[in-house]
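Engineer: Please find one structure pasted underneath; my questions will follow.
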Amino acid sequence: MNFKILLLTGFILIQNSAVFAQENDSTKIARLEERIKKLEEKIERDELEKLLKEAETVANEKEEKKETKVFKSGQRSLQAINPEISVLGDMYGQYIANKNNFNGNERSGAFFRVMEMNVQSNLDPFSLAKFIVEINPGGIEFAEGYMTLTKLIPNVSLTAGKFRQQFGVLNRWHSHSLDQFDYPLALTTILGEDGINQIGLSFDWLMPSLFADANSLLIQITNGENEQLFSGELFSFPAALLHFKNYWDISPDTYFELGLTGMLGKNNVRGYDNDGNLILEDSRLTTVGGIDLTLFWEPLNKARYNSFIWRTEVFYANKELANDRIKTFGAYTYFDYKFDLQWHIGVRFDFTQPFEIHNNSRYSYQVVPYITWWQSNWVKFRLQYNYLDGTETPTVQNTIRFQIVFAAGPHKHERY
């Protein structure tokens, strides 16, 4: 405002310089003071009116905002409450290449292996739930159902319910999400045909980095329901599993993982039989160990078109019996190469001893080449050949399978 007064004063002085020159100093000064005063009053009135208008405008805007403001109760909308539902189908045709076209229960023909329904939902910002039901030729099976608290404490999550356990890598995956049609021989022979899937608690701790770029420790306490390794009784002595995973970034395109797994549980029966007789067997332990290695390469500028994975797992089990024990070793390794946007090609090698006593010179091995075509993220086709031989097979078994897997819903082929 002072700057404006100065400008106006200068203008008046210039305009009236001729008149001021003819008058005496006192008259000039009085006249100037009077005009400056009037100008100051006018400028103050203008500034005040401007401020009042601005204040009125702001007040009106605030009133409008108050009228349009929506208060929320903090509850989720009905659409957000609805769980996400996915359905997956896994079917195949197989040809057993021998004169009879069958081996044991395996026959040539077309089969629907499983129809899986997956229901999951975020319960709140801190927890989620999943339920998986499988429909197969043998009936309906409750495959998994669990809730996960994502932030029990910093860097630790808790899962409670029924789940496939993290013994190595592949035991956690469902069959439709495997890189091959079937699980490796070592896994199904040592851990059981369906793997280790039990009820209990799982604590997942993302540890501070120790000697790798990332370290995590998984601790699972579950019922010993696996009939092959443990007692199979629902409320028997619990089985404990520890999985220690280590991760390294070798380059911007490549990473390496090393996992160590140990599991301990009892296999003696304690309870009543079907006739009501009490059975209290002496304590017997089963110990299971495993090592898993994964090397994955995916070029940053061609990730959609090229990748390569090498994965290996080694299994060892030691099960005490009443008068003896079973010691079994098995392993697999496979290579999978993505050579185009939709195409994968690979081969797997299996080796395992039977899960029986006196098995030192007994074994089975298998070679499994395959090729996979992803029509989209929801549909894939696979052609696979299994060559099985060893001391446990009377003759060489040659099996060709063509697999079709499809998914409907938001969760496609998750590996859980």
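Engineer: Go through the stretch 275-307 and give me each residue that's more than 15 Å from P252 (Cα to Cα) and of a type in the set (S, T, N, Q).
Structural biologist: N277, S283, T286, T287, T294
Engineer: Could you tell me whether A143 is surrounded by fewer than 16 Cβ atoms within 10 Å (Cβ to Cβ) and small (G, A, S)?
Structural biologist: It is false that A143 is surrounded by fewer than 16 Cβ atoms within 10 Å (Cβ to Cβ) and small (G, A, S).
Engineer: So T395 ticks every box in (1) surrounded by fewer than 15 Cβ atoms within 10 Å (Cβ to Cβ); (2) within 30 Å of L264 (Cβ to Cβ); (3) among the β-branched types (V, I, T) but one. Which box is left unticked?
Structural biologist: Every condition holds for T395 apart from (2).
Engineer: Go through the residues of the stretch 181-198 one by one and say whether even a single one is crowded, with 17+ Cβ neighbours inside 10 Å, touching a helix residue (DSSP H, G or I) at 6+ places or on another chain (Cβ under 9 Å), among the charged types (D, E, K, R) and modelled with pLDDT of 95 or more.
Structural biologist: Yes - at least one qualifying residue is present in the stretch 181-198.
Engineer: Output the number of residues of the stretch 369-402 satisfying the condition of being assigned to a strand (DSSP E or B) and among the hydroxyl-bearing types (S, T, Y).
Structural biologist: Counting residues in the stretch 369-402 that are assigned to a strand (DSSP E or B) and among the hydroxyl-bearing types (S, T, Y) gives 5.
Engineer: Please state which of the following conditions D194 fails to meet, knowing it meets all the rest: (1) more than 22 Å from Q120 (Cβ to Cβ); (2) part of a loop (DSSP other than H, G, I, E, B).
Structural biologist: (1)
Engineer: With respect to Q384, determine if the residue is touching a Pro at 6+ places or on another chain (Cβ under 8 Å) and either within 20 Å of Y337 (Cα to Cα) or of a type in the set (D, E, K, R) (or both).
Structural biologist: Here the answer is yes, as Q384 does meet what is asked.
Engineer: Just need a number here: residues in the stretch 263-290 that are more than 23 Å from N197 (Cβ to Cβ) and either in contact with a Lys or Arg (Cβ under 8 Å, 6 or more places away or on another chain) or surrounded by 12 or more Cβ atoms within 10 Å (Cβ to Cβ) (or both).
Structural biologist: Matching residues across the stretch 263-290 total 4.
Engineer: Does Q366 satisfy being touching a helix residue (DSSP H, G or I) at 6+ places or on another chain (Cβ under 8 Å), in a strand (DSSP E or B) and either without any contact (Cβ under 8 Å) to a residue 12 or more places away in the chain or within 24 Å of A331 (Cβ to Cβ) (or both)?
Structural biologist: yes
Engineer: Let me ask something additional. Go through the residues of the stretch 325-337 one by one and say whether even a single one is among the hydroxyl-bearing types (S, T, Y), surrounded by fewer than 14 Cβ atoms within 10 Å (Cβ to Cβ) and either assigned to a helix (DSSP H, G or I) or touching a residue at least 24 places away in the same chain (Cβ under 8 Å) (or both).
Structural biologist: So far as the stretch 325-337 goes, no, none of its residues is among the hydroxyl-bearing types (S, T, Y), surrounded by fewer than 14 Cβ atoms within 10 Å (Cβ to Cβ) and either assigned to a helix (DSSP H, G or I) or touching a residue at least 24 places away in the same chain (Cβ under 8 Å) (or both).
Engineer: Which one of these is surrounded by fewer than 14 Cβ atoms within 10 Å (Cβ to Cβ), under 22 Å from the mean Cα position of the chain (by Cα) and assigned by TED's automatic domain parsing to the domain that holds G145: L260, L300?
Structural biologist: Within the list L260, L300, the selection yields L300.
Engineer: Further question on the same structure: When you scan the stretch 167-175, do you find a residue that is surrounded by 15 or more Cβ atoms within 10 Å (Cβ to Cβ), more than 30 Å from F256 (Cβ to Cβ) and not acidic (D, E), even just one?
Structural biologist: There is no residue in the stretch 167-175 that is surrounded by 15 or more Cβ atoms within 10 Å (Cβ to Cβ), more than 30 Å from F256 (Cβ to Cβ) and not acidic (D, E).
Engineer: When residues of the stretch 77-100 are filtered for being under 17 Å from A129 (Cα atoms) and either modelled with pLDDT of 85 or more or part of a strand (DSSP E or B) (or both), how many remain?
Structural biologist: Of the residues in that region, 5 qualify.
Engineer: Moving to a separate point now. Tell me, please, whether a residue that is acidic (D, E) and either touching a Cys at 6+ places or on another chain (Cβ under 7 Å) or not assigned by TED's automatic domain parsing to the domain that holds L293 (or both) can be found in the stretch 398-414.
Structural biologist: Scanning the stretch 398-414, I find at least one residue that is acidic (D, E) and either touching a Cys at 6+ places or on another chain (Cβ under 7 Å) or not assigned by TED's automatic domain parsing to the domain that holds L293 (or both), so the answer is yes.
Engineer: Among strands (runs of 3 or more DSSP E) lying entirely in the stretch 238-301, which contain 1 or more residues that are at positive phi?
Structural biologist: Per the criteria, 270-272.
Engineer: Restricting the stretch 274-324 to residues that are among the acidic types (D, E) and touching a residue at least 24 places away in the same chain (Cβ under 8 Å), which is farthest from N360 (Cα to Cα)?
Structural biologist: Selected residue: E298.
Engineer: Identify all residues within the stretch 146-182 that are closer than 23 Å to I291 by Cα and assigned to a loop (DSSP other than H, G, I, E, B); write none if there are none.
Structural biologist: Within the stretch 146-182, Q165, Q166, F167, G168, V169, W173, H174, L178, D179, Q180, F181, D182 meet the criteria.
The values are calculated or read from the model by the stated rules, or taken from the named source; none is laboratory data. Small disclaimer: the values here were computed from a predicted structure and weren't measured. Cβ: placed from backbone, ideal geometry, glycine included. Neighbour counts: every protein chain shown.
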